[in-house]
Every structure is written in structure tokens, then in C-alpha cells.
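No lab work stands behind these numbers, since they all come straight from the coordinates. Quick caveat: nothing in here was measured; it's all calculated off a predicted structure. Counting neighbours? That spans all protein chains shown, and the Cβs are built from the backbone with ideal geometry, glycine included.
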Amino acid sequence: MRLLLIAFATLVFLGVLWGPAFALALRYWRRGDARAFGSLRYLYPAQLLATVALAFGADAFGYRQPAAILAGITLCVGVCGAFLLFLARCVRRWRA
């Protein structure tokens, strides 16, 4: 039962972290942008590293309620990743 709970928590964590960027890439792909998922290859590891680094930094500074801070960090990094994907597409369209 404990392993099932850990697996579920991991899936929720990755869904919140990578969900906004994937939803945006899927939206661009449906509109005809064939290169929409290409940026995710670099964005996903960067988001994961940023989340882990910020979580360890919050722990090192001794902030209270680490679960709430990790949830906030995960949500903010997920939204920032979607914004970076949006910004990269705008720059690509501006160059063309």
C-alpha cells in the first residue's frame, strides 16, 4: 500500500510539473506546429532540476512546512515552464 501511495504521489508531482507545458505543446501541435514537442526534450529535465534545486535550497534555509513549499515550487516551476515554451514559440514566429 505504501508503494502504491508513493507511485501515486510521484505521478501527481510529475503531472503538476510537466502538465502545463505538455498541454501548451499539445495545443500548438493541434494548430499545425510540427515542432511543438521538440522543446520539451530540454524543458522537462530543466524543470525537474530547478524544482529539486529550489526544494533543497528551501530546506537548507530552514523554511517550515516543506510539503507546502514543495507543492508551491512545483506549481510555479510548471507554470514558468509553460511560459518559457510560449516565449520560445513567440521568438520563433518573430524570427520567421
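Observations on the model:
- Residue within the range 40-57 that is farther than 28 Å from R89 by Cβ and not aliphatic (A, V, I, L, M) present: yes
- Flag: R35 matches the condition of being within 30 Å of R93 (Cβ to Cβ), among the basic types (K, R) and either touching a residue at least 40 places away in the same chain (Cβ under 8 Å) or not in a helix (DSSP H, G or I) (or both).
- Filter pass, I69 being surrounded by fewer than 12 Cβ atoms within 10 Å (Cβ to Cβ) and either in contact (Cβ under 8 Å) with a residue 24 or more places away in the chain or assigned to a helix (DSSP H, G or I) (or both): no
- Top-ranked residue in the range 75-96 [being surrounded by 14 or more Cβ atoms within 10 Å (Cβ to Cβ) and more than 11 Å from P20 (Cβ to Cβ); ranked as farthest from the chain's Cα centre (by Cα)]: R89
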